[in-house]
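Contents: one structure, followed by commentary.
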Amino acid sequence: MAYEFRLSKIMAIKSNEKDELLSQYNQSLQQFETAGEKLYKKLKEKETLIEQHTGKMKQGLSILEITSFQQFLTSAERVIERLQQEVMFARQQMNLKKLKLEEKNIEVKKYEQLKKRDYDSYITAEKQLEAKQMDELSLQQYMLHRN
């Protein structure tokens, strides 16, 4: 008789759910990384612009250039603020997906442990049945040879 785990369908469903959550986590990780890279680039751009502006200030600038720089700086700060919000949101989503994945992982491991225990008890029962059959067979042979 072949071994069949009675909860194998449930275990397969849970495993598929875990795989799906892993895919969602990887996607949210990618979104977090993308948002972080955008923020980094914008911060680097702002830093470079401030350095250039500081260099130009030493040489002298017109009022129009100064106001233009201030407007651009204000605009860049708004974009940076928005990007920071996106990064925070992406981090929250990533952490949420990670927690769900960890929970599902634990659940799948529980089913794997159940399967292992069930298989071990199946093997034990099979060995006991085989030993019992061997005892019966030995007894029958003994009785046949005795007569």
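Tell me, please, whether a residue that is loosely packed, with under 12 Cβ neighbours inside 10 Å and either among the basic types (Lys, Arg) or within 23 Å of residue 98 (Cα to Cα) (or both) can be found in segment 55-63. Yes, the conditions are met somewhere in segment 55-63. Listed residues 103, 33, 136; which is at pLDDT 95 or above, in a helix (DSSP H, G or I) and within 30 Å of residue 4 (Cβ to Cβ)? Step by step, each of 103, 33, 136 is checked, and only 103 is at pLDDT 95 or above, in a helix (DSSP H, G or I) and within 30 Å of residue 4 (Cβ to Cβ).
So that you can scan it fast, the table gives a plain yes or no per residue for (1) part of a helix (DSSP H, G or I); (2) over 24 Å from the mean Cα position of the chain (by Cα); (3) within 30 Å of residue 11 (Cβ to Cβ):
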| position | (1), (2), (3) |
| --- | --- |
| 46 | yes, yes, no |
| 51 | yes, yes, no |
| 86 | yes, no, no |
| 96 | yes, no, yes |
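Here residue 72 clears all of (1) open to solvent by 80 Å² or more (accessible area, probe 1.4 Å); (2) among the hydrophobic types (A, V, I, L, M, F, W, C); (3) touching a Ser or Thr at 6+ places or on another chain (Cβ under 7 Å) except the condition numbered (3). Based on what the data block shows, is residue 5 surrounded by 13 or more Cβ atoms within 10 Å (Cβ to Cβ), aromatic (Phe, Trp, Tyr), modelled with pLDDT under 95 and touching a helix residue (DSSP H, G or I) at 6+ places or on another chain (Cβ under 7 Å)? Judged against the criteria, residue 5 is a match.
Yes/no matrix, rows are residues, columns are (1) assigned to a helix (DSSP H, G or I); (2) out of contact with any Lys or Arg (no Cβ under 8 Å at 6 or more places or on another chain); (3) free of Cβ contacts under 8 Å to residues at least 40 places away in the same chain; (4) within 30 Å of residue 109 (Cβ to Cβ):
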| site | (1), (2), (3), (4) |
| --- | --- |
| 18 | yes, no, no, yes |
| 26 | yes, yes, yes, yes |
| 42 | yes, yes, no, no |
| 58 | yes, yes, yes, no |
| 65 | yes, no, yes, no |
| 69 | yes, yes, yes, no |
| 79 | yes, no, yes, no |
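Restricting attention to segment 38-54, which residues are of a type outside the set (Val, Ile, Thr) and surrounded by 12 or more Cβ atoms within 10 Å (Cβ to Cβ)? Even if it seems obvious, please write down each step before you answer.
So the first thing to find is which residues in segment 38-54 are of a type outside the set (Val, Ile, Thr), and the list is 38-47, 49, 51-53.
Passing the criteria: 38, 39, 40, 42, 43, 45, 46, 49, 53.
A residue that is within 33 Å of the chain's Cα centre (by Cα) and surrounded by 12 or more Cβ atoms within 10 Å (Cβ to Cβ) cannot be found anywhere in segment 121-131.
The values are calculated or read from the model by the stated rules, or taken from the named source; none is laboratory data. Note that the structure is predicted; figures quoted are calculated from it, not measured. Quick reminder, even Gly has a Cβ in these numbers, built from the backbone with ideal geometry, and neighbours come from all protein chains shown. For the accessible areas, the whole protein counts, side chains as well, though only heavy atoms, and no ligand, DNA or RNA atoms are used. Shrake-Rupley method; radii C 1.70, N 1.55, O 1.52, S 1.80 Å.
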